[in-house]
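Since the structure comes first, as structure tokens, the remarks are kept for the end.
The values are calculated or read from the model by the stated rules, or taken from the named source; none is laboratory data. Predicted, not measured: the structure shown is a model, and the values here were computed from it. Quick reminder, even Gly has a Cβ in these numbers, built from the backbone with ideal geometry, and neighbours come from all protein chains shown. Surface areas here come from the heavy atoms of the whole protein model, side chains and all, with no ligands, DNA or RNA. Shrake-Rupley method; radii C 1.70, N 1.55, O 1.52, S 1.80 Å.
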Amino acid sequence: SPARRLRVPDREFSFQDRHMGPYAENLERDCGDFLLRRSDGMFAYQLAVVVDDGLMGITQVVRGDDLLVSTPRQLALFDLLGFAPPSYMHLPLLCDAEGERLAKRHESLTLATLREAGVRPEAVIGYLGRKAGLLDAALPMQPHALLPAFDPARLRALPHRVLIEADPLSALAAVR
């Protein structure tokens, strides 16, 4: 069966990202018609995330900056479906030592792997807090303990890609 695409309007969709600043894209010129349902019957990410966020009343989305360019397509769908769009904050990606983003499809380091290796969740939170520039040293902690240090302006100093060590298990084991 055929795939289904959305015929996009010749219209600019723009938003103010809470980390990256203003972003705009004319879908017809910059993107073109995009997939809504694949030929195998599966709904595409763009449609699925908009319907899910819209039905759940999501008001804020925080995700990796690799998804910044897909946001105007989602804004078009929010508009077409009559949902109020959320605000967005796209942050730098956490990448492996070679600069590749951590992703299931790349068989990257997972929380399950860390759990099996005996790494405590508090160590992961402290490690990530240090990588995000919220802590001077990686110390075990609960997520709520990072809230006083969280300020989107501090995140602007982060590089486009935040690298983890070649041996992340050893780095996490050192979080004490």
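For the reader, a short list of remarks on this structure follows.
- Size of electric dipole in the chain: Cβ of Lys, Arg +1 and of Asp, Glu -1, about Cα centre, debye, nearest 20: 240
- Selection among 172, 158, 145 by position relative to the dipole of segment 101-176 gives 158 as farthest towards the positive end (Cβ unit charges, Cα centre).
- Contact order normalised by residue count of segment 15-115, Cα under 8 Å, 6+ apart, percent: 29
- Probe 1.4 Å - accessible area at residue 11, Å² to nearest ten: 100
- Kirkwood-based shape ratio for the chain, expressed as Rg/Rh from alpha carbons: 1.03
- Exposure rule at most 16 other beta-carbon atoms within 10 Å, DSSP loop GluC sites (Glu not before Pro): the chain longest free segment: 1-97
- Under 19 Å from a label point set 7 Å out along the Cα-to-Cβ vector of residue 39, the amide N atoms of segment 1-27 belong to 1-7.
- Diffusion coefficient of segment 66-155 by Stokes-Einstein, Kirkwood radius over Cα pairs, 37 °C, 0.692 mPa s: 208 µm²/s.
- Computed E for residue 147/residue 58 - FRET, C-beta separation, R0 30 angstrom, nearest 0.05: 0.90
- Looking at the chain, the DSSP beta bridges with both ends there are about 60 percent antiparallel.
- Within the chain, helix-based [θ] at 222 nm, where runs of 4 or more DSSP H residues each add -39,500 (n - 2.57), nearest 500: -8000 deg cm²/dmol
- Taking Cα atoms only, the orientation of helix 121-131 departs from the longest principal axis of the chain by about 80 degrees.
- Taken along the Cα-to-beta-carbon direction at a fixed 7 Å, the label points for residue 12 and residue 130 span 4.4 nm.
- Within segment 86-176, the chymotrypsin sites (Phe, Trp or Tyr not before Pro) that combine a DSSP coil assignment with at most 16 other C-beta atoms in a 10 angstrom radius are 150.
- Nearest 10 degrees, 0 to 90: helix 45-56 Cα axis against the chain principal axis: 80
- Spin-label pair residue 157-residue 79: with each label point 7 Å from Cα along the Cα-Cβ axis, the two points sit 3.8 nm from one another.
- In terms of the mean number of neighbouring beta-carbon atoms within 10 Å, the peptides 58-66, 129-137 order highest first as 129-137, 58-66.
- Here the calculated FRET efficiency for residue 112 and residue 30, from their Cβ-Cβ distance with R0 = 35 Å, stands at 0.40, rounded to the nearest 0.05.
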